[in-house]
Amino acid sequence: MPVDSRRLQGPENANSYTLYLPNSNTCRGLLNDLITNDKKRKDGRGLSDHRRIYMKTGVVSQAKGSAYIEQNNTKVICSVFDPREIPRKSDYSVNGELYCEFKFAPFSCIKWRSHQPDAFEKECSLILRRSLEPAVCRHEFPNFQVDVYALVLENDGSALAAAITCAGLALADASVPMYDLVVAATLGIHGDNKFLDPSAEEESLCNISPPDGRSHNHGIITAAFSPAHQQMSDFAQSGVMDIECVTSSIEVLREACEIIYPLSQQCLLKSVTKVFKKKQTETKLDISSDKIEY
Amino acid sequence: MRSRNNVLKPNFRIYAKTGILCLIYGQHGFRQIGYVVLMEPFGVAWKDHVIFLFNSHKSVHKRECNPFITLLILLQNFSSAPAQGVRPDGRSLQKFRPVSINVGSIKTAEGSAIVKIGNTVVVCGIKAELAAPKAEEPNRGYLVPNVELPPLCSPKFRPGPPSDQAQVSSNFIAETLAHSGCVDLTDLCIVPEHLAWVLHCDLICLDHDGSLLDACVIALVAALRTVKLPHVSYDVNTEATVVSTEKRNKLQVYNTPVATTYAIFDDEILLPDPTNEEETLSSGAVTVVIQGDMLCSVHKPGGSPLTESQLQECVSGALKRAEYINKLVNTAIKSLGT
Amino acid sequence: MASDTGGVKPFAIQGRLARERERLLGMTEKERAWRRQWLKDQELSRNEPRYVPEYYTERYNPIRRAYKMPLDMAFKPLAPVLGAERTAVIRWFTGKFLMIGFAIYATAYYFKYNAHEDFRCDGRTRLDYRPMEVETDVVSHASGSARLRLANTDILVGVKTEIDTPYPERPREGKIEFFVDCSANATPAFEGRGGEELGTEISNSLATSYQSSQTFDLTALCILPGRQCWKLYVDILILECGGNLFDAVSLAVKAALHNVRIPKVKAASLDGGTVDLQLSDDPFDCYHLDVSAAPCLVTLCKIGDHCVVDPTAEEEMCSNASVVMAITEKSLVTSVFKTGVGSFHPQTLLDILKVGLAIGLNLNKALKAALLEEREQGHVKECCGFLK
C-alpha cells in the first residue's frame, strides 16, 4: 500500500483489539448463538423477515438529490449531483454515464478501514453502477455523467443492498429521469438456513464454510430489482452453493424487493407533498408581501 | 449573460458599493424578476450568475430558477437595500444557526457524535486499535484525527485524494487537539514500550454548508467524551494480549475546545457562522478556538486584514458561544445515560 | 451417351460439292442438277417450321413439359404479335430471369429469417465454444504459468510465490492475489486508462469466485501458522482480446495454478521473533496444488431472446447484458454476477443459470483432461510457446 502523504497517518502495524478477544467460538456455536430453536434470530425476527427500514430524502442540502436509509444499525447516506461533462473524454457518447462510488466510513465496520478504497469497495461501486444503470434513462443526458456517491456510516449487514435502495431514491430525488425505482435485498445462506437481510454477524457466518453437514452451501446473494418492469438489474452471488439454492433464492429476493418497493415509493411521495406544500405557502407570501422597486 | 432582449429591456438599476456591481431587471412584478449579475470585487472576473430576490419587508425568499443559478442576498452591499440586517437564510447578522448534537449513535465505533449546524453535518467516529508505541515516546499512545470531505457532501469536491481544504482542516484539527491538551496521550498507553491505544478520529462531512471547522471541533470533542475503551491485560514476557469488552474505561477528556468561524466582508463586516454561500463570497475568514473561558488559538488563513478591535469582537462573541455549545454537549452526553 | 443416329456418323449430302474448290474444278450436268436441288431445299417453305406435337413430347420429358407449360401458355398468344423468333427469345430469357430471381430471393430469405436458428456468424451453435489451446509451463521464471488461446483471445498467466506473514485474523491460511494487466495492444479500447476498469472487474470476479475455502484450499499455503505462509501472486496478462475474457482468464488461471510448484520447506525454526526457514535445495523437490475444486467462469451473453456462450467481441457489442457464473467440477456455483447495462427478468435469469451450469461442467471436464494429458507428457513435453 503506498503511503498516503495527504492524510495524517497512524502507526503501521496497528491491529484491531477484537483479535485478542478471548472467545474463539466454533462455527456451530456461532450458529446456535444466532438462531434459537424455534427458528428465531437474535433480534427476534424470523429467518425470512426483513428489518424495519427508515428512509428519508433530501438530507444533503448541497446535493441535487440525496437519501438516507437505516435498517436497524445499518446506516447509509447517498447523494446525487447535477450532470457534468464526462472528464477525459473526447468522443461523443450517445448514452450518459453514471459514476458510482461506494465507500465505507473508516469507523463503520468492526475493523478500522483505510481511507483509500480497497478492492471490496471498488467491487461494490461496480455493483452499484450495474444495478442503477438499467433503471436510468441515460439517453436523456448524452455526453454527461451523473455522480452517485454512497457512504456507509455503520455496517450491520446488507450495506450494499441498502446503498442500492438509497441510491435509487437519491436519483429519483434529484429528478434524474428513470424508468423505475431500484430496490435491493440481500440473502445470506449457511447450510440449510437462509437469512434474509442478514446482520453483520450473520454475514460473517455466511462467509465461512459450514461444518460437515448435509449441505455445503454458504454465501451471500445481493439482488437489485425494478418491480414495475419485473427486471432484475443486478444479481451478485459469492460463496459456494448448488444451483437449486441459487435458483430458489431468486424468488425469495424478488419477493423481498416487492415488499421494500412500496416503502421507497411512499418516501418519495412524502417528499413531493412536502415540497408542494412549501411551494403553496411561498406563493401566498409572494403575493401578499413582496413588492419590488424598480 | 444570455437572455432574451425583451427581458433585459424594461428596468434596471445599479447598486454599486465596494466594487460589487449588480444589475436588476425584471418584468411584470415579482415572478419575472431577478437576473442579477454579481461581479467579484477584486478583479476575479465573473462569478456565478446570482439571483437576488428581496422585498420591502424583512423576509427574503430563496428560489431556484435554474440549476446553475443560485439565489442569495447580500444585504450589506446595498446601501438602499430594504432588508438590511437579514441574511439569506432569514437570520440576523450576528445570529448563529441552530446546533444539534447526537452522540453514541454509531455502535461500531468506540465513540461517535453527529453534529448539525444549520445544514452543515459532520459525523465523528472514533475507532480504537492496538499498536506498539513509538520508540522515541514509549509512554504515549496515538491520536490520529482526519477530516474527510467526500464528494458526497458538496459539488465542490471530486473523488480521489483529499482536497486542499480537507488537508488544511485535518491539520487544524490535529493542532487544536495537540495544543488544547484535551486528551493526555499518556492515558492511551497500556504498557510502556509495548502496547498503546491508537485512536483513529475520523471526521466525515456529510453536508458542507459552511462553518466546517466549528462542526468538526464540536463533533470531535463530543465523540471523544463518549469513548469507552475495553480493558486490556498484557503479559510482557509471553507477549499475550487479552481484551475483555465487559469492563470498559471511559477516556478522560480534560478540555473542551470550541471553534467559531467568522466570515469577513469588505474588510469591515464580520458574519459569524457563515453558510457555504457566504463563505464563497466573503473576502476572508477567521476561526477562533476557545477553551473554557480562555483563548486557545486563532486560525486566519489569509484574506482581508482585521483590526484589533474587530478581532476583540470575534473573541468575545466566540467566548459566549463556547459557553452555550459546552452546555449543549453536556446535555447530549448526559442524555446518553452514563 | 447413346447417339441419336445409332452410332452412324452423318455425312454431307452435298457430296464433294460442299467445297468451293471442287466446284470450281468443274461440275457435270448431273452434279449441277443435284446442286440446284440441294440449294433449293435449303430454303424454308412458308409453312415451315412445323410444330409436331409428337416431336415435342419425344424431346422433353413429362416433368420438363409440366414446368415449361405456364410460360409457354403465357407466350402463345404473344407469338402472332411479336413474331415467333422474338417470342422464343423473350420466353427463354424470362424463364432464366425468373429462376435467378427466385434463387436470390430464397437465399436472402434464408439468411434473414434463419439467423436465430441456433447458428452464429462463425458457424457455431449458441452453446459452442471456439477452439481453445492451452499450454502450461511457458514462462521459466514463474512458479507456474499457462498460456491460453481462445480463437483471438490470448491470455498469459504467471504465478509467483513469495513468503509473507498471514493475516492476523486468519493465521492458518496463505494468501492469493489476482492482478490483471490489460495490454494496450490487446484492443484499442484498452489504450490509456480504458483497460484499468476492466482489469479490476476481472480480478475482483476471480477473487470472489476463489474466496471460499471449498474452492481453493488456502491452508495448503501455510508454512508456520500465524508466522509464515506462501503468497501467490497471479499475474494475468491479456495479450489479445477477441471477446469472452472472463472465461478465458479463469481457464488460464486454473491451468496456471495447476502448474504451480511450491518448494518444500525442510525445516522451520522459531528464533525469538524471527522465523528461520530452510527450503529444499533440489529445485524438483516441490509440491503441486490441488485445483480440482477451482471454478471456471462461464459468460452467457444475452442477444435478442437467446443467450450465447463464448461471445466474440462483436457479439459482446450487440448484447446489452450478460451473466457470468463460476462453476466448479462438483457443479457448485461460487459466484454469479451481471455485466453490461441491461437487466433480466427473473425467469430469464433462472433459465440462463441452468444452461450455464451444464456448460461449466463440460468446460471443467475438458480442461481437466487437457491438463492431465499435458502432465503425463512430463518433461519430454514439446514446448510450443508463441511460435504456433
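Worth a mention:
- With respect to (1) at pLDDT below 85; (2) at the interface with chain B (Cβ under 8 Å from one of its Cβ atoms), the lone exception for A:Asn23 is condition (2).
- Unmet requirement for B:Glu246, which otherwise passes all of (1) within 14 Å of chain A (Cβ to nearest Cβ); (2) more than 19 Å from B:Lys156 (Cα to Cα); (3) touching a residue at least 40 places away in the same chain (Cβ under 8 Å): (3)
- Search result, residues across segment B:100-120 that are surrounded by fewer than 24 Cβ atoms within 10 Å (Cβ to Cβ), touching a residue at least 40 places away in the same chain (Cβ under 8 Å) and at the interface with another protein chain (Cβ under 8 Å from one of its Cβ atoms): B:Asn119
- Some residue of segment C:301-311 being of a type in the set (A, V, I, L, M, F, W, C) and either within 19 Å of A:Val240 (Cα to Cα) or surrounded by fewer than 17 Cβ atoms within 10 Å (Cβ to Cβ) (or both): no
- Each residue in segment C:303-341 was checked for being closer than 18 Å to A:Gln231 by Cβ, among the charged types (D, E, K, R) and touching a Phe, Trp or Tyr at 6+ places or on another chain (Cβ under 7 Å), and 1 of them qualify.
- Yes/no for A:Leu151 being facing chain C (nearest Cβ under 10 Å) and either free of Cβ contacts under 8 Å to residues at least 40 places away in the same chain or of a type outside the set (Ser, Thr, Tyr) (or both): no
- In segment A:39-74, the residues that are touching a residue at least 60 places away in the same chain (Cβ under 8 Å) and basic (Lys, Arg): A:Arg41, A:Lys42, A:Arg51, A:Lys56, A:Lys64
Results for (1) surrounded by 14 or more Cβ atoms within 10 Å (Cβ to Cβ); (2) away from chain A (no Cβ under 14 Å), shown as yes or no for each residue.
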{"residue": "C:Glu201", "(1), (2)": "yes, no"}
{"residue": "C:Leu239", "(1), (2)": "yes, yes"}
{"residue": "C:His258", "(1), (2)": "yes, yes"}
{"residue": "C:Ser269", "(1), (2)": "no, yes"}
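- Filter result for C:Ile238 (under 30 Å from C:Glu315 (Cβ atoms), touching a helix residue (DSSP H, G or I) at 6+ places or on another chain (Cβ under 6 Å) and in contact (Cβ under 8 Å) with a residue 40 or more places away in the chain): no
- Of all residues making up segment B:179-232, the number that are closer than 17 Å to B:Glu148 by Cβ, within 21 Å of the chain's Cα centre (by Cα) and either in a strand (DSSP E or B) or at pLDDT below 90 (or both): 8
- Yes/no for B:Glu64 being assigned to a loop (DSSP other than H, G, I, E, B), at pLDDT 85 or above and more than 9 Å from chain A (Cβ to nearest Cβ): no
To keep it simple, each residue is scored yes or no on (1) modelled with pLDDT of 80 or more; (2) within 13 Å of another protein chain (Cβ to nearest Cβ); (3) farther than 27 Å from A:His218 by Cβ.
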residue: A:Val3; (1), (2), (3): no, yes, yes
residue: A:Arg6; (1), (2), (3): yes, yes, yes
residue: A:Ala14; (1), (2), (3): yes, yes, yes
residue: A:Tyr17; (1), (2), (3): yes, yes, yes
residue: A:Lys42; (1), (2), (3): yes, no, no
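- Selection status of A:Pro142, facing another protein chain (nearest Cβ under 7 Å), touching a residue at least 40 places away in the same chain (Cβ under 8 Å) and within 25 Å of A:Ser90 (Cα to Cα): no
- Scope segment C:316-346; condition more than 9 Å from chain A (Cβ to nearest Cβ) and more than 23 Å from A:Leu128 (Cβ to Cβ); matching residues: C:Met317, C:Cys318, C:Glu329
- Taken as a whole, the structure leaves A:Val94 outside the set of residues that are at pLDDT 95 or above and either within 17 Å of the chain's Cα centre (by Cα) or surrounded by fewer than 21 Cβ atoms within 10 Å (Cβ to Cβ) (or both).
- Comparison of B:Ser297, B:Ser304, B:Ser316, B:Ser283 shows that the only residue that is polar (S, T, N, Q) and either more than 25 Å from B:Pro88 (Cα to Cα) or in contact with a Pro (Cβ under 7 Å, 6 or more places away or on another chain) (or both) is B:Ser297.
- Subset of segment A:57-91 (residues that are over 15 Å from the mean Cα position of the chain (by Cα) and within 8 Å of another protein chain (Cβ to nearest Cβ)): A:Val59, A:Val60, A:Ser61, A:Gln62, A:Ala63, A:Lys64, A:Phe81, A:Asp82, A:Arg88
- Residues (of a type outside the set (Lys, Arg) and either away from chain A (no Cβ under 11 Å) or more than 32 Å from the chain's Cα centre (by Cα) (or both)) located in segment B:134-147: B:Ala135, B:Glu136, B:Glu137, B:Pro138, B:Asn139
- Count - residues of segment A:208-220 that are at the interface with chain C (Cβ under 8 Å from one of its Cβ atoms) and either under 27 Å from A:Cys109 (Cα atoms) or within 17 Å of the chain's Cα centre (by Cα) (or both): 4
- C:Ile163 closer than 30 Å to C:Lys264 by Cβ and among the β-branched types (Val, Ile, Thr): yes
- Subset tally (residues that are under 30 Å from B:Ser282 (Cα atoms) and either hydrophobic (A, V, I, L, M, F, W, C) or within 13 Å of chain A (Cβ to nearest Cβ) (or both)) for segment B:249-265: 5
- Selection status of C:Ala184, under 17 Å from C:Leu239 (Cα atoms), among the aliphatic types (A, V, I, L, M) and touching a residue at least 40 places away in the same chain (Cβ under 8 Å): no
- Odd one out for C:Arg193 among (1) loosely packed, with under 14 Cβ neighbours inside 10 Å; (2) closer than 30 Å to C:Ala358 by Cα; (3) not polar (S, T, N, Q): (2)
- Whichever residue in segment A:106-139 is more than 10 Å from chain B (Cβ to nearest Cβ) and of a type in the set (Lys, Arg) and, among such residues, is farthest from the chain's Cα centre (by Cα): A:Arg138
- Filtering segment C:292-302 for residues that are touching a residue at least 24 places away in the same chain (Cβ under 8 Å), over 23 Å from C:Leu353 (Cβ atoms) and of a type in the set (A, V, I, L, M) leaves an empty set.
- Being in a strand (DSSP E or B), among the β-branched types (Val, Ile, Thr) and at pLDDT 90 or above is a property that B:Val286 has.
- Residue-level analysis places B:Phe157 outside the set of residues that are outside any loop (DSSP other than H, G, I, E, B), under 19 Å from the mean Cα position of the chain (by Cα) and more than 9 Å from chain A (Cβ to nearest Cβ).
- Applying the condition of being in a strand (DSSP E or B) and acidic (Asp, Glu) to segment C:150-189 and asking which residue is farthest from A:Ser90 (Cα to Cα) yields C:Asp164.
The values are calculated or read from the model by the stated rules, or taken from the named source; none is laboratory data. Predicted, not measured: the structure shown is a model, and the values here were computed from it. So basically every Cβ, Gly included, is an ideal-geometry build from the backbone, and we count neighbours across all protein chains shown.
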